[in-house]
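Asker: Encoded as structure tokens, here's the structure I'll be asking about.
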């Protein structure tokens with residue numbers, strides 16, 4: 001029983017010593033690092049890029065054909081695509097795949113609802 005009390009005291013002393021020591025360097029904020037290395041964290045920091053135009057494309061599907069077949073197409077021709085009904089469409093921003101989604105009707109226009117955001121590794 002005395003050994004248990006001694007070991008409990010030793011643990012208490014160890015915890016007190018650790019509590020009184022400063023945090024390791026990696027946990028402390030480094031005031032010397034420039035803000036340029038940090039990504040924007042709120043809308044105010046992103047305002048500078050709000051007016052940059054981007055091209056958005058929603059690709060329903062793709063098809064390959066010869067030029068002769070393309071020239072034979074006329075009004076009412078049907079081009080079979082590589083996607084099935086209900087399958088997600090690809091959404092590109094500046095020719096880069098960023099999301100997948102579904103076609104929706106908004107009043108009398110077609111629209112796209114994003115269902116999945118594609119995260120690309122920047123290496």
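Asker: Within the stretch 107-118, how many residues are in a loop (DSSP other than H, G, I, E, B) and more than 15 Å from residue 57 (Cα to Cα)?
Answerer: Here the count works out to 2.
Asker: Going by the structure shown, is residue 79 more than 28 Å from the chain's Cα centre (by Cα) and more than 27 Å from residue 121 (Cβ to Cβ)?
Answerer: Judged against the criteria, residue 79 is a match.
Results for (1) in contact with a strand residue (DSSP E or B) (Cβ under 9 Å, 6 or more places away or on another chain); (2) part of a helix (DSSP H, G or I); (3) in contact (Cβ under 8 Å) with a residue 24 or more places away in the chain, shown as yes or no for each residue.
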{"residue": "63", "(1), (2), (3)": "no, no, no"}
{"residue": "74", "(1), (2), (3)": "no, no, no"}
{"residue": "85", "(1), (2), (3)": "no, no, no"}
{"residue": "90", "(1), (2), (3)": "yes, no, yes"}
{"residue": "97", "(1), (2), (3)": "yes, no, no"}
{"residue": "102", "(1), (2), (3)": "yes, no, no"}
{"residue": "105", "(1), (2), (3)": "yes, no, no"}
{"residue": "120", "(1), (2), (3)": "yes, no, yes"}
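Throughout, read-outs are computed from the coordinates displayed, never taken from laboratory work. Computed from a predicted model, the values in this text were never measured in an experiment. We place every Cβ from the backbone using ideal geometry, glycine too, and count neighbours over all the protein chains shown.
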